[in-house]
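The values are calculated or read from the model by the stated rules, or taken from the named source; none is laboratory data. Small disclaimer: the values here were computed from a predicted structure and weren't measured. All Cβ positions, even for glycine, are placed from backbone atoms using ideal geometry, and neighbour counts span all protein chains on display. With ligands, DNA and RNA removed, areas are computed over all heavy atoms of the protein, side chains included. Shrake-Rupley method; radii C 1.70, N 1.55, O 1.52, S 1.80 Å.
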Amino acid sequence: MDFIRYVNSKDVRQYLYDIDYKLSADQVIFVVLTCPFISVDEKVKSLEAYLQSSDALPLTSITDMSFQETFGLTSHEFIRRYKSCI
């Protein structure tokens with residue numbers, strides 16, 4: 001699935017397409033959850049598509065131990081927890 005389409009800036013989005021950039025698991029989750037032009041239902045559907053199309057990769061951007069409840073989670077576990085909260 002094309003998750004770059006959720007990047008808010010048209011210019012950044014085009015640049016990422018131009019260089020054939022591949023988003024990391026952390027980046028996919030971030031751009032989907034912060035996308036201002038899709039509904040929560042669309043966010044959930046996009047994240048479910050990510051679950052179906054990817055491996056459960058470790059989230060590497062959460063390194064601060066003050067976020068102990070999310071430290072060491074995989075992308076799939078993070079998405080499952082997000083879905084259970086909405």
Meets criteria (modelled with pLDDT under 95, of a type in the set (D, E, K, R) and open to solvent by less than 90 Å² (accessible area, probe 1.4 Å)) for Glu77: yes
- prompt: Would you pick out the residues in the stretch 6-18 that are part of a loop (DSSP other than H, G, I, E, B) and open to solvent by 80 Å² or more (accessible area, probe 1.4 Å)?
  reply: Asn8
message: For the stretch 24-44, give me the residue count where each residue is surrounded by 13 or more Cβ atoms within 10 Å (Cβ to Cβ) and more than 12 Å from Ser61 (Cβ to Cβ).
response: 8
message: Within the stretch 45-64, take every residue that is open to solvent by less than 50 Å² (accessible area, probe 1.4 Å) and part of a loop (DSSP other than H, G, I, E, B) and give me the one that is modelled with the highest pLDDT.
response: Ser54
